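Only one structure is covered here, and it is reproduced in the block below.
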Amino acid sequence: MSTGTVAKPSAAPKKAARRKLTWPWILLIVAAALVLFSFVRVVSGADDLTSVGQVSGALQLAVPIAMAGLGGLWSERAGVVNIGLEGMMILGTWFGAWAGYQWGPWTGVVVGILGGALGGLLHAIITVTFNVNHIVSGVAINILALGFTKYLSKFTFAEAEGGSAKQSPRIDQITDITIPGLSDWLQDLQQKHWFLISDIAGIIGGLVTNLSLLTVVAVLLIPATWWLLWRTAFGLRLRSCGENPVAAESLGVNVYKYKYIAVAVSGGLAGLGGAFLAIVSTGIYQEGQTGGRGYIGLAAMIFGNWMPGGMAMGAGLFGFTDSLKLRGGATNVHALLLLVALLLVIAVVWQLYKKKYVSAALAAVFSAGFFLWYAFTDEVPSQFVDAAPYVTTLLVLALSAQRLRMPKADGLPYQKGQGK
C-alpha cells in the first residue's frame, strides 16, 4: 500500500522590505541636488537661488513651520491628531509678544511656549479625557484662540505705547550670531557665481550669518526629539500609545499620562513657533501673522512620514520657496519651473525603471509642459508667486503619499481599560 504525500500549501510571497537609505546614499542624493540647483541657477541666471541671503531667509521662515510640525509629531506619535496647531501658534505669538515687550525677548519666548502648551492641555482634556473627535476639538481651539487673542489685544496692546488693537509694541531682538571672517569670505565666494562652488558657499554662508540664538535652540530640538522618542524608554512608551494603546496599557503604561504629556509638549512647540514669529521674524505681534503656518507644519509632518528628519525637510522646502517669493519674486519662482521640469524628467526615468509606464507618461507630459512654460515666458504671474509655497507643499504631499505610514492608533478613540 503506497502512501501518498500531501503537499503543504506554499506560503504567500512576502513583500520585499523597503530598503532604508544609508548615509552614502543620502550624501549622494544631497550632492546630486546641489549639482541640479547649480545647473538651474547658471542656466536661468537667477543667482539668488542659493545666495547667503536666500538661505538665511529660508531658515528663518522654516523654523516656525518646523516647530509646528514637530509639535504635531509629538501629539500624533501618541495617537492624538492635532489640527489645533494653528491656534496654539496664535497663542504663542500673542503671549510671546505680551511678555516680550514688557520683560524682554527671552521671557517672551518662555511665556509663548506656556501659552501654546495651555492650548495643548485644553486639546488633551477634550480629546483624551472626554473622548471628543480630535478634528472637532482642533478646529474649536483654532477658533477660540483667534477670538481670545483679539479680545485680549483690546485691553492690553491698544492701551500700551506704540501698540494698537491689532498689534503689539516693538519687542527687543534676540542676539544674532555671525562668524567673523568665515561669513564674509563665504559671501564673497558666493558672489563670484562659480558653478557648484559658489552654491555651496552660499548655503553654508546662510547658516553662519545673522543667525538668531533662538534659531539655534529651535534647530537643536529636532535631533533632541529624535533621540528622546526613538532612543529612550520614555519615547518607546509614548510611541506605543499611538500604535496600540490597549497593548501598552496591558504592559503597565499609563496611556492617559503619556497622551497628556505629548499633547502639552505639542502645544508648547507650536507656541515656540508662534513666539519665534513675533519676536525674531518681525519683532512685533500682528493679528493674523501665523498665516496658516500651523496647517503647513502639519503638512510638513505628514510629508516627513511622522519622522523628525523628514518633517525638517518638508519645513525647509516651504521656507525655501517662501523666501524665493520675498527675494527676487517672479524671477526666482520662474527659475523653479525649470527645476520642476528637470525633477519630472528624473521621475520619468525612475518610473520607467520600475515599469510603471502610465505614471512615466504622465510625468513626461507635465515635464514637457513646465519646459514650455519656462521657455516661452520671462516671469510668472504675481498670483502664482504668492501661491508658490503652498502649491509646492501640495505637490510634494501628493507625490509622497504612497510611502506614508501614520501611527496605527492615530486619531482613534481610546478609553482606559477598554482592552479588559
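Can you tell me the dipole magnitude for the range 55-173 around its Cα centre, using point charges on the Cβ only (Lys, Arg +1; Asp, Glu -1), in Debye to the nearest 20? Each step should come with its number before you reach the end.
Values: 5 positive and 5 negative charges, 23 e Å.
Here the size comes out at about 120 debye.
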Equivalent-ellipsoid semi-axes (√(5λ), Cα gyration tensor) for the range 188-231, whole Å, largest first?
31, 14, 4
Added length on full extension, which subtracts the Cα-Cα distance from 0.36 nm per residue, residue 129 to residue 250:
41.7 nm
Order the peptides 74-85, 370-381 from the highest to the lowest mean number of other Cβ atoms within 10 Å of their residues.
74-85, 370-381
Which of 25, 99, 202 sits farthest toward the positive end of the charge dipole of the chain, with +1 on the Cβ of Lys and Arg and -1 on the Cβ of Asp and Glu?
25
One finds the C-alpha centres of the range 337-393 and the range 280-304 to be spaced, in Å, by 27
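When the dipole is taken about the Cα centre of the chain, and only Lys, Arg (+1) and Asp, Glu (-1) are charged at their Cβ, what size is it in debye, to the nearest 20?
Details: 29 positive and 19 negative charges, 460 e Å.
It works out to roughly 2220 debye.
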Arrange the peptides 138-148, 251-261 so that the one whose residues have, on average, the most other Cβ atoms within 10 Å appears first.
138-148, 251-261
Could you please put 249, 159, 86 in sequence from largest to smallest accessible area, using a 1.4 Å probe?
159, 249, 86
With +1 assigned to the C-beta of every Lys and Arg and -1 to the C-beta of every Asp and Glu, and no other charges, what is the dipole magnitude of the range 188-266 about the Cα centre in debye, to the nearest 20?
280
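At 0.36 nm per residue, minus the direct Cα-Cα distance, what do residue 387 and residue 164 gain on full extension? Give it in nm, one decimal, please.
Once the chain is fully extended between residue 387 and residue 164, it gains 77.3 nm.
Using a probe radius of 1.4 Å on heavy atoms only, what accessible surface per residue do you get for the range 343-397? Whole Å² is fine.
Per residue, the range 343-397 has 70 Å² of solvent-accessible surface.
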Pick the calculated semi-axes √(5λ) of the Cα gyration tensor in Å for this structure from [x] 37, 26, 20; [y] 127, 36, 20; [z] 37, 35, 19?
[z]
Could you please put 352, 211 in sequence from largest to smallest accessible area, using a 1.4 Å probe?
352, 211
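Take each of the peptides 37-49, 285-297, average the number of other beta-carbon atoms within 10 Å over its residues, and list them starting from the highest. Provide the component values of the computation, followed by the final result.
Working: 37-49: 18.9, 285-297: 22.3.
Per-residue mean Cβ counts within 10 Å order the peptides as 285-297, 37-49.
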Heavy atoms only, probe 1.4 Å: what % of the accessible area of the range 194-325 goes to carbon and sulfur, would you let me know?
72
Label-point separation (nm) for residue 345 and residue 226, each offset 7 Å from Cα along Cα-to-Cβ?
3.2
Net length gained if the chain between residue 178 and residue 368 were fully extended (0.36 nm per residue, minus Cα distance)
64.1 nm
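Listed here are the pairs 259/416; 150/259; 356/408; which of them are more than 21 Å apart at the Cα? Before the final figure, lay out each step's value.
Working: 259/416 12 Å; 150/259 30 Å; 356/408 29 Å.
As for pairs spanning more than 21 Å Cα to Cα, those are 150/259; 356/408.
The values are calculated or read from the model by the stated rules, or taken from the named source; none is laboratory data. Source: prediction; values computed, not measured. Glycine gets a Cβ as well: all are built from the backbone with ideal geometry, and neighbour counts include every protein chain shown. Accessible surface areas use protein heavy atoms only, side chains included; no ligands, DNA or RNA. Shrake-Rupley method; radii C 1.70, N 1.55, O 1.52, S 1.80 Å.
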